[in-house]
Amino acid sequence: MKQLLGRFAQRITGRGPHGVAPFDSVEADLVRARATLAAGTWPDGALHAVEADRTVVAGSFALLGQQIPKPLRPAAQLSPVRRLFALRDACVAGDDGVVWCPHLGLAVEETVRQWHGGPDTHPLLSAPRYPVATPLPGVALNLGSLDAGGFYHFLHESFPRLALARKWLDHVDHFLCPGGPDSFHGGWLELAGVPAARIRWLHGHAHWRCEQLLFTNLPTDDCAPTLWLFGAIRELARWSPAPYPTRRLWLTRRDAPSRRLAWEDRLLALLPDFEPVSLARLPAAEQVALFASAAVVAGPGGAGFANLPFCHPNARVVELLSDLLPLPLYAQLAAVAGLPHAWAIVDFQREPDDLPALAAAIRAFIS
């Protein structure tokens, strides 16, 4: 009831959307509703589309012979068709970059995403006191995506939107981006050629009314990367694999707030040829070069493994997990890149009873 009242109040105030509809429906309604508006840089509609490609089913090796209770993913499936849209006089709201039409009061469904619940449960639909939108002249490109404040969701779901809009980037005056002036996002955008002066940061109460807006649907389904996605990320990041990768990287989480391996030093003492690296403060270009030079990437599961697209095709991946929940994600990334992947479930706080056996299993897999 509270949500319904909020949506009713929002319909009256007009500060935000009170409903959700697919882009094609929004576009059709606008043709009838605003024939008197001045023409934009481009007419409303889909400017570009990239056809679907097939996802890859991950295969993975259990270092300690542990069993997976059920299949990690369904059989290979088609990714969504990736589309770039243009919309005149459109609004973008929140850190996830929800696009909505102020003439119809409708959010574009392709930009509305919730982890739990459908698009019509998004809190923006029942927020009548949301800040009034700030006008943004010229052409804006929306890179917002759910949880793109985190590294994985930014690199694989927000960053590739630049590739979909590549032919139009010279016309873009404003890039609406997740993150902030002091976050890691700026370095990756700079690497892709986005001028810092044109970035407008999206945050929880951001609200822009764009004279001309470009935006996309989600470039990939969750945990279902594809070859197109990897190609887009690699091209944007100017990736070039090392001819003879030799480094054995251990992605330490010592500086991370969670999933730190309490007995990491004792394990690395048994794996002296591994090089502990912390990615948290490493510039984007250095992260790309680091993974391109790696023969092995290993460590406790975490966002650092989102860099697997930059690995040399002959690299191997070893992931230590506290449970099986994150396994499909990075195993999928490894599968698309053609990298053998191995895993073990361990207690991150309590040292395994037979630590030398774990170290021996890792050495056997990477040899």
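The values are calculated or read from the model by the stated rules, or taken from the named source; none is laboratory data. Not measured: the values here are computed from a predicted model. Virtual Cβ from ideal backbone geometry, glycine too; neighbours counted across all protein chains shown.
Only one of 113, 83, 129 is under 30 Å from residue 324 (Cα atoms) and of a type in the set (D, E, K, R). Can you tell me which?
Values: 83 fails: under 30 Å from residue 324 (Cα atoms); 129 fails: under 30 Å from residue 324 (Cα atoms).
After applying the criteria, what remains is 113.
Can you tell me which residue in segment 346-367 is nearest to residue 254 (Cα to Cα), limited to those that are surrounded by fewer than 16 Cβ atoms within 10 Å (Cβ to Cβ) and hydrophobic (A, V, I, L, M, F, W, C)?
355
Residues of segment 309-331 being farther than 18 Å from residue 365 by Cα and not acidic (Asp, Glu), which ones?
Pass one, segment 309-331, residues farther than 18 Å from residue 365 by Cα: 309-310, 322-326, 328-329.
Answer for segment 309-331, where residues must be farther than 18 Å from residue 365 by Cα and not acidic (Asp, Glu): 309, 310, 322, 324, 325, 326, 328, 329.
Kindly evaluate residue 104 against the criterion of being farther than 21 Å from residue 233 by Cβ, touching a helix residue (DSSP H, G or I) at 6+ places or on another chain (Cβ under 7 Å), in a loop (DSSP other than H, G, I, E, B) and not assigned by TED's automatic domain parsing to the domain that holds residue 309.
Working: farther than 21 Å from residue 233 by Cβ: yes; touching a helix residue (DSSP H, G or I) at 6+ places or on another chain (Cβ under 7 Å): yes; in a loop (DSSP other than H, G, I, E, B): yes; not assigned by TED's automatic domain parsing to the domain that holds residue 309: yes.
Taking the combined requirement at face value, the residue satisfies it.
Hey, residue 160 hits all of (1) closer than 20 Å to residue 219 by Cβ; (2) modelled with pLDDT under 95; (3) of a type outside the set (S, T, N, Q) but one; which does it fall short on?
(2)
One line per residue, one yes/no per condition, for (1) within 30 Å of residue 124 (Cα to Cα); (2) within 14 Å of the chain's Cα centre (by Cα); (3) surrounded by fewer than 17 Cβ atoms within 10 Å (Cβ to Cβ); (4) assigned by TED's automatic domain parsing to the domain that holds residue 136:
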| position | (1), (2), (3), (4) |
| --- | --- |
| 158 | yes, yes, no, yes |
| 182 | yes, no, yes, yes |
| 195 | yes, no, yes, yes |
| 251 | no, no, no, no |
| 265 | no, no, yes, no |
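Cβ-Cβ below 8 Å, separation at least six or inter-chain, first residue in segment 278-289 and crowded, with 16+ Cβ neighbours inside 10 Å, second modelled with pLDDT of 95 or more and among the acidic types (Asp, Glu): which pairs?
Partner pairs satisfying both residue conditions: 284/190.
Restricting to segment 201-230, what's the tally of residues that are of a type outside the set (Asp, Glu) and without any contact (Cβ under 8 Å) to a residue 60 or more places away in the chain?
Start the filter on segment 201-230 by keeping residues that are of a type outside the set (Asp, Glu), which leaves 201-210, 212-220, 223-230.
Going one step further and asking which of them are without any contact (Cβ under 8 Å) to a residue 60 or more places away in the chain, we end up with 201.
Of the residues in that region, 1 qualify.
Answer yes if at least one residue in segment 340-361 is of a type in the set (D, E, K, R) and in contact (Cβ under 8 Å) with a residue 40 or more places away in the chain, and no otherwise.
At the first step, the residues of segment 340-361 found to be of a type in the set (D, E, K, R) are 347, 350-351, 353-354.
Now restrict to residues that are in contact (Cβ under 8 Å) with a residue 40 or more places away in the chain: 350-351.
Taking every residue of segment 340-361 in turn, at least one turns out to be of a type in the set (D, E, K, R) and in contact (Cβ under 8 Å) with a residue 40 or more places away in the chain.
Which strands (runs of 3 or more DSSP E) sit wholly inside segment 117-209 and have at least 3 residues that are of a type in the set (Phe, Trp, Tyr) and touching a strand residue (DSSP E or B) at 6+ places or on another chain (Cβ under 7 Å)? Show your work before the answer.
Values: elements: 134-142, 174-178, 199-202.
Hits in segment 117-209: none.
Can you find a residue that is out of contact with any Phe, Trp or Tyr (no Cβ under 6 Å at 6 or more places or on another chain), modelled with pLDDT of 95 or more and under 20 Å from residue 356 (Cβ atoms) anywhere in segment 285-299?
yes
Criterion first (farther than 15 Å from residue 23 by Cα and among the small types (Gly, Ala, Ser)) does residue 105 satisfy it?
Details: farther than 15 Å from residue 23 by Cα: no; among the small types (Gly, Ala, Ser): yes.
No; evaluated as a whole, the condition is false for this residue.
Suppose the filter is at pLDDT 95 or above, touching a Ser or Thr at 6+ places or on another chain (Cβ under 7 Å) and either more than 23 Å from residue 278 (Cβ to Cβ) or among the charged types (D, E, K, R) (or both); does residue 198 pass it? I'd like the intermediate steps shown before the answer.
Details: at pLDDT 95 or above: yes; touching a Ser or Thr at 6+ places or on another chain (Cβ under 7 Å): no; either more than 23 Å from residue 278 (Cβ to Cβ) or among the charged types (D, E, K, R) (or both): yes.
Judged against the criteria, residue 198 is not a match.
When you go through (1) over 19 Å from residue 108 (Cα atoms); (2) more than 16 Å from the chain's Cα centre (by Cα); (3) surrounded by fewer than 17 Cβ atoms within 10 Å (Cβ to Cβ) one by one for residue 231, which number turns out not to apply?
Among (1) over 19 Å from residue 108 (Cα atoms); (2) more than 16 Å from the chain's Cα centre (by Cα); (3) surrounded by fewer than 17 Cβ atoms within 10 Å (Cβ to Cβ), the lone unmet condition for residue 231 is (2).
Find the residue count for segment 300-327, including only residues that are under 15 Å from residue 61 (Cβ atoms) and modelled with pLDDT under 90.
2
Please tell me if residue 256 is over 22 Å from residue 111 (Cα atoms) and exposed (fewer than 14 other Cβ atoms within 10 Å of the Cβ).
Numbers: over 22 Å from residue 111 (Cα atoms): yes; exposed (fewer than 14 other Cβ atoms within 10 Å of the Cβ): no.
Considered against the rule, which asks whether it is over 22 Å from residue 111 (Cα atoms) and exposed (fewer than 14 other Cβ atoms within 10 Å of the Cβ), residue 256 comes out as no.
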